[in-house]
1. Select, from 138, 174, 152, the only residue that is under 17 Å from the mean Cα position of the chain (by Cα) and part of a loop (DSSP other than H, G, I, E, B).
2. So residue 98 ticks every box in (1) farther than 29 Å from residue 178 by Cα; (2) open to solvent by 50 Å² or more (accessible area, probe 1.4 Å) but one. Which box is left unticked?
3. Of all helices (runs of 4 or more DSSP H) completely enclosed by segment 9-107, which ones contain at least 1 residues that are without any contact (Cβ under 8 Å) to a residue 12 or more places away in the chain and under 22 Å from residue 138 (Cα atoms)?
4. Just checking, which of 71, 60, 66, 90 is closer than 21 Å to residue 183 by Cβ and in contact with a Leu (Cβ under 6 Å, 6 or more places away or on another chain)?
5. Quick check on segment 49-58. Is at least one of its residues closer than 28 Å to residue 126 by Cβ, in contact with an Asp or Glu (Cβ under 9 Å, 6 or more places away or on another chain) and surrounded by 12 or more Cβ atoms within 10 Å (Cβ to Cβ)?
6. Here are 201, 182: which of them is without any contact (Cβ under 8 Å) to a residue 40 or more places away in the chain, closer than 30 Å to residue 50 by Cβ and either β-branched (Val, Ile, Thr) or assigned to a strand (DSSP E or B) (or both)?
7. Looking at (1) among the β-branched types (Val, Ile, Thr); (2) in contact (Cβ under 8 Å) with a residue 40 or more places away in the chain; (3) out of contact with any His (no Cβ under 9 Å at 6 or more places or on another chain), which one does residue 175 not meet, given that it meets all the others?
8. Return a yes/no flag: does segment 112-119 have any residue that is under 12 Å from the mean Cα position of the chain (by Cα), among the hydrophobic types (A, V, I, L, M, F, W, C) and open to solvent by less than 10 Å² (accessible area, probe 1.4 Å).
Amino acid sequence: MADNGAVGQPLHVQGRDAVIAASQGVAWRDGAPPDYHYSRENMPAERSVTHESGSLADIVERLVQVFEMEVSHKRNPAEWLSMVAEQVTVSVNGGPKVGSAELAERGSYNVLIGENPYYSAADESFESSHDVFHQAFPGGFFWEVLEVYSPPPVVTFKWRHWGTFAGPYKGVEPTGERIEMFGVTVVHVTDDLRITETQHFYDNTDFLGQLARGQLAPNPRAHG
């Protein structure tokens, strides 16, 4: 359900619950819409900043959460509301730009991580990539906007991604520690706040290294 700060905003910035409620006849990957009960139950106490309802940071956070939900759970890019599917591209650290068709086929984890010393996107399917992190973070793998540095149409912001390492990561036993990473993203949006391009900048080697804990053989496909 949209909160008071989202009233009057386009549906795709009213939040995941609002978009899910309005998504009739959608081709969900699992046959049903996702359940974000961990985000409702656990995330409020774990987040590091709470944004004023209706603020730019609040809107940006909701928009990107809808973007992630749609890429991860809606099979058909034509049904993605948060972006212009025929235009949208995603890149990481200045690397190649990936469009909606590849995002839908490979999944956001494989696109955003790629070939890392502790993870190989070439070895993972869309489904298995999600399984890897759902297993490692069974209590939820959360994301928040920390600061917004520039307004639309080119929105630049800092973010935090975190979870409690409570399940195995590729056979490595969990530590029960909270593990987090930080990054900066540049998002190009239309006048009605639909995403046309995202550029992510972050180092996930340290993050994944905390999961691997020196117990995984280095990925031979990783660069560097």
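1. Answer to the selection: 138.
2. Unmet condition: (2).
3. Because the criterion is at least 1 residues that are without any contact (Cβ under 8 Å) to a residue 12 or more places away in the chain and under 22 Å from residue 138 (Cα atoms), the helices (runs of 4 or more DSSP H) in segment 9-107 that meet it are 37-41, 43-46.
4. Details: 60 fails: in contact with a Leu (Cβ under 6 Å, 6 or more places away or on another chain); 66 fails: in contact with a Leu (Cβ under 6 Å, 6 or more places away or on another chain); 90 fails: in contact with a Leu (Cβ under 6 Å, 6 or more places away or on another chain).
The match here is 71.
5. No - not one qualifying residue is present in segment 49-58.
6. None of the other options fit; the residue is 182.
7. (2)
8. Within segment 112-119, not a single residue is under 12 Å from the mean Cα position of the chain (by Cα), among the hydrophobic types (A, V, I, L, M, F, W, C) and open to solvent by less than 10 Å² (accessible area, probe 1.4 Å).
The values are calculated or read from the model by the stated rules, or taken from the named source; none is laboratory data. Note that the structure is a prediction, hence the values are computed from the model and not measured. Cβ: placed from backbone, ideal geometry, glycine included. Neighbour counts: every protein chain shown. These accessible areas exclude ligands, DNA and RNA; they are computed on the full protein's heavy atoms, side chains included. Shrake-Rupley method; radii C 1.70, N 1.55, O 1.52, S 1.80 Å.
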